[in-house]
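The values are calculated or read from the model by the stated rules, or taken from the named source; none is laboratory data. These numbers come from a predicted model, not from an experiment. Cβ coordinates were reconstructed from backbone atoms using ideal geometry, including for glycine residues, and neighbour counts include every protein chain displayed.
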Amino acid sequence: MHQPLIKLEATPITLLPSNLPKYALYTTLRMFAAILLSLFCTFTLATLAAKSKRAEKVIIPALDILQSVPVLGFLTFTVTFFMGLFPGNQAGVEIAAIFAIFTAQAWNMIFSFYQSLRTVPKNLREASAQFCQNGWQRFWRLEVPFAIPGLVWNTMMSMSGSWFFVVASEAISVGNTKISLPGIGSWLSTAINDKNLTAVGLAVLTMAIVILLYDQFIFRPIVAWSDKFNMGQTASQKKPESWVYDIMNRANILGFIGRFFDVFSNMLLSIKWPYKHNQPLSPVETYSNKLIDSLWLALLWGLLIGSILFLIDYFRAGGITIHTISHVFILGSITLFRVLLLVIIASLIWVPIGVYVGLRPKLVALVQPIAQFLAAFPANILFPFIVITIVYYKLNPDIWLSPLIILGTQWYIFFNVIAGVCVFPNDLKEAATIYNVRSYVWWRKVILPGIFPYYVTGALTAAGGSWNASIIAEVVSWGQTKLEAHGLGAYIANATTTGNMHQVLLGVAMMSLFIIVLNHLIWRPMYLYAARLTGLE
Amino acid sequence: MQKQHCIVEVKNVSHAYNKGQGSDIPVLDNINLTLYEDEIVCLLGRSGAGKSTLLRTISGLIQPTQGEITVQDTKMTGPREGLAMVFQNFALFPWLTVLENVELGLEAQFVAPDEKHRRALKAIDMIGLDGYENAYPRELSGGMQQRVGLARALVIKPFLLLMDEPFSALDVLTAEILRTDLMDLWTEGQLTIKSILMVTHNIEEAVLMADRILLFGSNPGHIIGEIHVPMTQPRNRLSPDFRALVDSIYEKLTSKEGQRSGKGSAFPGMGIGMVLTLISTNILQGFIETLATTYNGQTDLPTLSETLRIKDEDGGVLRTAETLQLFRFCELDGADVRLTNKGKEFAAGNIDERKKLFHDHLQTYIPLAARIRSVLDERQHHAAPMSRFRAEIEDYMPEESAEITMKTIITWARYAELFAYDEQTGKFYLES
């Protein structure tokens, strides 16, 4: 069974620069495969949750938990699972990697789509029903278009966030099994093993080019196109721009695609599904379904309690005691402290800079794309440079490894603050100037409350990403030198390396718990407060 | 009048909103009406009387809790072809061009692409939108957007056109032009439509267009009367007949029969369960001031309506007058309105005197305000959560009404300095 896997290891990654384009292509393809999978799940699961109350009761709480689970912790299980499905075949590992990236992308996309489906304006739903569109036509003509702006934005965020994971998931080692899929991530881990700094530099360069290309050629045109689905009835103040989109527009390529699309959508929408007779939008409720509903609910609770009991049993079988759990809890608290402290430090640095930049439109045009680019850039590629420094100066890993967990995610704070300052009403700025509001009072009363909702969004994203990053940032190596900080991330990473499933599960569960509690105790109240503050409720 | 072919028949229809638990809130009460071929019928009544709900039950969008609706001899069980609706806020799809919006209904009927295109262009041409086929709704003015709404309705060749306050979101001039255009199409027989049913709260609009006006009373919605309009089209607003009819309708709508409960009150619900309309203190003051200075304390509503031009979203003249009657600052008698002595005192007062008067009357005549104040007085810290009162009044009214009622109480109490409200904590409190 291990035969072909050994073969896989026998064709190792070679650090030849001529191989890099190929590796970059593989990495990108994995990424797009995952995003397609995410989109598929979005259209099916979110639609199901929005249309069926029973499905909603399962899908929505499940999503809430799943998006709090550290994705990198999943890797151990998915690799084992998919390798079992395709014994000794590279396909299993390949699918495991794609699945890992998918788990980093899908949840917020599904949520966004579900939210949109639930908030389709009433008058449009009425118009659709009045003109007798069937469910199929309503989905494509009304619900999907309405959801597009949110979905495009969330897909972009997912893409940005998941370059990090594509790099981390290509070189996987679970227990004694070590796999390197051809790609930039494997190149990087080989380079680290060989202490080859030039190769690390090349990986950085390649990644930068890849991200630049995907941003310019895929996402900017899509964002420019999706602008027409924005609900704002007045022409939007600033249209998103894309030179690629403009060229396609001018060369009439868009017109061509549009005509093709028209024919296609005409065919699609003229499919006559065997539909029931048109239903009223608000029918009189009947109570005959109540029994089935309560049975369904009972079944769900049964499943939930059953799986909790199973988990307890599983932990007990793995020799995990209360003592182990409290130890892991303490590790979790250390990582929690690290995450919060770093979010605070990053805020102290980036909020003032963000405000400074945001107030100067010319600077914004220059800096905003760079910040977005940096947010998409997989920070784990940069880890070796910092690790070398720590090794060289023999610094304390508990302190100096910490910045790594926010290295990639601090940019979310930065560009959200810039965005907040940009939309801050000009007349308020002018009023503050006229009444001579300056220095401390200006920060305290004018700009900070104004950008608060944006800041919260940024900080929340940064913190969420940092938990994930801790799994690969608290244990790092350079050649044979291994550095380790105390924390839950290191615990999960070590358990993965030794292949101890019980410990991995415990670590992942503990981290999810921390994230969920944090979400409900800190981020959600802050979010509501911010919404009230600016009257966006 | 000979017996004509009947298009719509509404029999004993009642409807109530289900609030999940507790009591249902009745919106429509035992409605009976018949719509015949070749007539325009207007449902006329105050905002929130349930006219739009009735229109939606006829269209099939809402299934009434009781009663039966028959359209062309078929019982309604849901939306169906042959009925078209024009919406108050247009309800155009912002991502579709004018042409695509118009084609929408045809697409749902699986009309072949060529045929669909041809018919849509014809409808666009008829309604005066040629040249705008490829524009998006956001590029058009309100009047043009409603033309698209009309074209979209006409293109499916309906036999019944339902219109829900189609002109009320437009400015006066644009509404007039669009109304005239529609009436021209109707009288010239260019339409396939056999009958039009329109909801409006604009009395003049109803008298301008309708062959028959059904007056709608509120709480819960019920029909209080029927008026035939014998005048020929086009009608002249300034003719004495027209004016007389408008005045008599004002009178009927403000009369006590219009309301079912609460000793002749125009406001549904009693005691703290009274549903209030949010009318700003500025408009209340402006009304009293104008009535006092320009009309010497007494005039009729149609005249005042012309002078004040209170926008519908701000409550309208009638609702403002009724609210001031609730405060005992003025009295309504038919279409006439006059200031009470207290109202005159208010008009003559300075800022502080006005506030004092408003304070007293708010506490005396608006039970909910009195109740909140007395709870605050009793409490040691003089604070109480708004949600508590909100939950209390939600036993008597739907959620939306409760929200507006709360907003109204907060606005008025702030002006009167009866009590204060902190939005962050969601609490009422007394300022020391």
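For the stretch A:121-198, which fully contained helices (runs of 4 or more DSSP H) count at least 1 residues that are polar (S, T, N, Q) and surrounded by fewer than 19 Cβ atoms within 10 Å (Cβ to Cβ)?
Here the list reads A:122-130, A:184-193.
Taking the stretch B:271-295 as the search range and keeping residues that are in a loop (DSSP other than H, G, I, E, B) and of a type outside the set (S, T, N, Q), which one is surrounded by the most Cβ atoms within 10 Å (Cβ to Cβ)?
B:Leu276
Testing A:Gln90 on (1) in contact with a Pro (Cβ under 7 Å, 6 or more places away or on another chain); (2) on the phi < 0 side of the Ramachandran plot; (3) surrounded by fewer than 19 Cβ atoms within 10 Å (Cβ to Cβ), one condition comes back false. Which one is that?
Of (1) in contact with a Pro (Cβ under 7 Å, 6 or more places away or on another chain); (2) on the phi < 0 side of the Ramachandran plot; (3) surrounded by fewer than 19 Cβ atoms within 10 Å (Cβ to Cβ), only one is false for A:Gln90: (1).
Hey, among A:Gly450, A:Gly465, which residue is buried (at least 21 other Cβ atoms within 10 Å of the Cβ), assigned by TED's automatic domain parsing to the domain that holds A:Ile353 and farther than 27 Å from A:Val200 by Cα?
Answer to the check: A:Gly450.
Test B:Met126 against the criterion of being more than 14 Å from chain A (Cβ to nearest Cβ), in contact with a Pro (Cβ under 9 Å, 6 or more places away or on another chain) and within 27 Å of B:Asp38 (Cβ to Cβ), and give yes or no.
no
Looking at A:Gly489, A:Gly464, A:Gly507, which is the one that is more than 18 Å from A:Leu342 (Cα to Cα), in contact (Cβ under 8 Å) with a residue 40 or more places away in the chain and not hydrophobic (A, V, I, L, M, F, W, C)?
A:Gly507
Of all residues in the stretch A:425-456, how many are of a type in the set (Val, Ile, Thr) and in contact (Cβ under 8 Å) with a residue 60 or more places away in the chain?
3
What's the total number of residues in the stretch B:283-326 that are of a type in the set (Val, Ile, Thr) and at pLDDT below 85?
Result for the stretch B:283-326: 4.
Say whether the condition of being away from chain A (no Cβ under 14 Å) and of a type in the set (Phe, Trp, Tyr) is met by at least one residue in the stretch B:142-165.
yes
Can you report the number of residues in the stretch A:311-358 which are farther than 25 Å from A:Leu401 by Cα, loosely packed, with under 12 Cβ neighbours inside 10 Å and either in the same structural domain as A:Val69 (by TED's automatic domain parsing) or not β-branched (Val, Ile, Thr) (or both)?
Matching residues across the stretch A:311-358 total 5.
Take the residues in the stretch B:34-57 that are of a type in the set (Val, Ile, Thr) and within 11 Å of another protein chain (Cβ to nearest Cβ); name whichever of them is surrounded by the fewest Cβ atoms within 10 Å (Cβ to Cβ).
Residue satisfying both the conditions and the ranking: B:Thr53.
Just checking, does the stretch B:107-114 include any residue being small (Gly, Ala, Ser) and more than 12 Å from chain A (Cβ to nearest Cβ)?
Filtering the stretch B:107-114 for residues small (Gly, Ala, Ser) gives B:108, B:112.
Right, trim to more than 12 Å from chain A (Cβ to nearest Cβ) and you get none.
Checked the stretch B:107-114: no residue is small (Gly, Ala, Ser) and more than 12 Å from chain A (Cβ to nearest Cβ).
Looking at (1) loosely packed, with under 14 Cβ neighbours inside 10 Å; (2) assigned to a loop (DSSP other than H, G, I, E, B); (3) at pLDDT 90 or above, find the lone condition where B:Leu418 falls short.
(1)
Counting only residues that are at pLDDT below 85 and not hydrophobic (A, V, I, L, M, F, W, C), give me the helices (runs of 4 or more DSSP H) lying completely in the stretch A:37-109 with at least 3 of them.
Qualifying helices (runs of 4 or more DSSP H): A:53-66, A:71-85.
Of these, A:Ser173, A:Ser160, which one is more than 11 Å from every other protein chain (Cβ to nearest Cβ), touching a residue at least 12 places away in the same chain (Cβ under 8 Å), out of contact with any strand residue (DSSP E or B) (no Cβ under 8 Å at 6 or more places or on another chain) and among the polar types (S, T, N, Q)?
Of A:Ser173, A:Ser160, the one residue that is more than 11 Å from every other protein chain (Cβ to nearest Cβ), touching a residue at least 12 places away in the same chain (Cβ under 8 Å), out of contact with any strand residue (DSSP E or B) (no Cβ under 8 Å at 6 or more places or on another chain) and among the polar types (S, T, N, Q) is A:Ser160.
Which one of these is assigned by TED's automatic domain parsing to the domain that holds B:Tyr250, of a type in the set (D, E, K, R), in contact with a Leu (Cβ under 7 Å, 6 or more places away or on another chain) and surrounded by fewer than 22 Cβ atoms within 10 Å (Cβ to Cβ): B:Glu139, B:Glu133?
Of B:Glu139, B:Glu133, the one residue that is assigned by TED's automatic domain parsing to the domain that holds B:Tyr250, of a type in the set (D, E, K, R), in contact with a Leu (Cβ under 7 Å, 6 or more places away or on another chain) and surrounded by fewer than 22 Cβ atoms within 10 Å (Cβ to Cβ) is B:Glu133.
Examine the stretch A:103-118 for a residue that is within 25 Å of B:Gly105 (Cα to Cα), facing chain B (nearest Cβ under 9 Å) and of a type in the set (S, T, N, Q), and state whether such a residue exists.
no
Mind checking which residues of the stretch A:129-153 are more than 17 Å from A:Thr42 (Cα to Cα), within 8 Å of chain B (Cβ to nearest Cβ) and not aliphatic (A, V, I, L, M)?
Hits for the stretch A:129-153 are A:Gln130, A:Phe131, A:Cys132, A:Gln133, A:Asn134, A:Gln137, A:Arg141.
Scan A:Asn436, A:Asn494 and give me the residue that is in a helix (DSSP H, G or I) and either at pLDDT below 80 or surrounded by fewer than 22 Cβ atoms within 10 Å (Cβ to Cβ) (or both).
Numbers: A:Asn436 fails: in a helix (DSSP H, G or I).
So the residue among A:Asn436, A:Asn494 that is in a helix (DSSP H, G or I) and either at pLDDT below 80 or surrounded by fewer than 22 Cβ atoms within 10 Å (Cβ to Cβ) (or both) is A:Asn494.
Would you be able to tell me the number of residues in the stretch B:380-432 that are acidic (Asp, Glu) and within 14 Å of chain A (Cβ to nearest Cβ)?
Here the count works out to 4.
For the stretch B:68-91, how many residues are within 11 Å of another protein chain (Cβ to nearest Cβ) and either surrounded by fewer than 21 Cβ atoms within 10 Å (Cβ to Cβ) or without any contact (Cβ under 8 Å) to a residue 24 or more places away in the chain (or both)?
Number of matching residues: 9.
Given the conditions (1) modelled with pLDDT of 90 or more; (2) surrounded by 14 or more Cβ atoms within 10 Å (Cβ to Cβ), report the number of the one that A:Asn278 does not fulfil.
Condition (1) is where A:Asn278 drops out.
Is it the case that B:Ile31 is among the hydrophobic types (A, V, I, L, M, F, W, C), under 28 Å from B:Glu400 (Cα atoms) and more than 9 Å from every other protein chain (Cβ to nearest Cβ)?
The answer is yes for B:Ile31.
Residues being more than 8 Å from chain A (Cβ to nearest Cβ) and either surrounded by fewer than 21 Cβ atoms within 10 Å (Cβ to Cβ) or assigned to a strand (DSSP E or B) (or both): count how many of those fall in the stretch B:58-67.
2
When you look at B:Leu253, is it at pLDDT below 85, touching a helix residue (DSSP H, G or I) at 6+ places or on another chain (Cβ under 9 Å), part of a helix (DSSP H, G or I) and not acidic (Asp, Glu), yes or no? Write out each step before concluding.
Values: at pLDDT below 85: yes; touching a helix residue (DSSP H, G or I) at 6+ places or on another chain (Cβ under 9 Å): yes; part of a helix (DSSP H, G or I): yes; not acidic (Asp, Glu): yes.
When the stated conditions are applied, B:Leu253 passes them.
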